[in-house]
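Student: Here you go, one structure.
The values are calculated or read from the model by the stated rules, or taken from the named source; none is laboratory data. Everything quoted here is computed from the prediction, not taken from an experiment. Counting neighbours? That spans all protein chains shown, and the Cβs are built from the backbone with ideal geometry, glycine included.
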Amino acid sequence: MPPPVGTLREDPAEQVRDLIVPVAAVGAAKVGWGELFDAADARELMGRLAKGDPLGLRGLCVEHLRARSLALHADRLHIRCLALVAFKGLLYAGRPPLDVWLRGLVAQGAAELVREDLEFEIEDRPVHPEDEVSYRFLSEVFGVEPPLARRVGVRFNLLPGDVRQVLWRAAMEGVPLAQLGDGAEARLREGLDVLSRAAPLAFADLADLGGWNQEERR
């Protein structure tokens with residue numbers, strides 16, 4: 001059972017389980033979006049979206065993170081996407097199809113969070129105590145101290161997709177290396193080498209973000 005909308009699941013083991021347990025098929029094709037989106041403002045629409053999750057948005061968030069092997073807290077992405085849908089839903093007119101539109105906003109929300117974390121690391125902002133919960137699962141999986149968890153998450157998310165997938169399946173899901181196919185050992189080694197770098201992130205790492213964005217659009 002997920003926590004109330006607007007809060008983050010706190011237990012790191014539950015955070016990981018939330019990412020690796022397959023989600024049921026989701027889709028919003030049958031939702032009466034016209035009535036749902038007919039709200040006075042974004043605040044009212046946000047309240048409707050949060051009550052019972054009529055669009056299945058949280059499932060779409062988990063599905064996206066699993067498909068892209070992205071190390072982001074599922075509830076954190078869900079909250080971001082609720083805000084995106086609430087603000088953009090007031091102008092939605094049925095094109096593209098609702099399901100396609102929602103998936104695009106989920107991808108946008110994930111990209112925004114990856115960029116924010118990178119910018120915070122470049123600026124050397126400490127993780128605020130109330131935000132530490134967003135990165136707790138990374139400490140659980142990779143055995144790093146909480147102050148370094150956000151940095152590890154950024155490095156993980158900026159890895160090439162094939163490297164990220166191997167590292168996700170091995171570290172998150174516990175799949176034996178022998179079952180991950182040819183080249184998996186080299187990709188795993190490459191990923192772990194990047195995550196173990198002690199140097200802080202810098203402005204030069206923004207170039208990696210540009211390449212990452214192009215890859216995510218494919």
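Student: Any residue at all in segment 178-188 that's closer than 26 Å to D117 by Cβ and either in contact with a Lys or Arg (Cβ under 7 Å, 6 or more places away or on another chain) or part of a helix (DSSP H, G or I) (or both)?
Tutor: Yes: one or more hits.
Student: Just checking, how many residues over segment 43-87 are in contact with a helix residue (DSSP H, G or I) (Cβ under 9 Å, 6 or more places away or on another chain), surrounded by fewer than 17 Cβ atoms within 10 Å (Cβ to Cβ) and either at pLDDT 90 or above or not in a loop (DSSP other than H, G, I, E, B) (or both)?
Tutor: 5
Student: Let me ask something else. For segment 149-175, give me each residue that is in contact (Cβ under 8 Å) with a residue 12 or more places away in the chain and either small (G, A, S) or outside the structural domain of E132 (by TED's automatic domain parsing) (or both).
Tutor: Passing the criteria: A149, G153, G161, A170, A171.
Student: Looking at V114, V133, V144, which one is part of a loop (DSSP other than H, G, I, E, B) and either without any contact (Cβ under 8 Å) to a residue 12 or more places away in the chain or farther than 15 Å from G191 by Cα (or both)?
Tutor: That would be V144, the only listed residue that is part of a loop (DSSP other than H, G, I, E, B) and either without any contact (Cβ under 8 Å) to a residue 12 or more places away in the chain or farther than 15 Å from G191 by Cα (or both).
Student: Would you point out which residue out of V127, V106, V144 is surrounded by 15 or more Cβ atoms within 10 Å (Cβ to Cβ) and modelled with pLDDT of 95 or more?
Tutor: V106 is the lone residue from the list that is surrounded by 15 or more Cβ atoms within 10 Å (Cβ to Cβ) and modelled with pLDDT of 95 or more.
Student: So which pairs qualify, if the first residue must be in segment 50-70 and free of Cβ contacts under 8 Å to residues at least 60 places away in the same chain, the second must be in a helix (DSSP H, G or I) and not hydrophobic (A, V, I, L, M, F, W, C), the Cβ gap must be under 7 Å, and the two must be at least 6 apart or on different chains?
Tutor: Hits for this filter: L57/H78; R58/H78; L60/R103; C61/H78; V62/D18.
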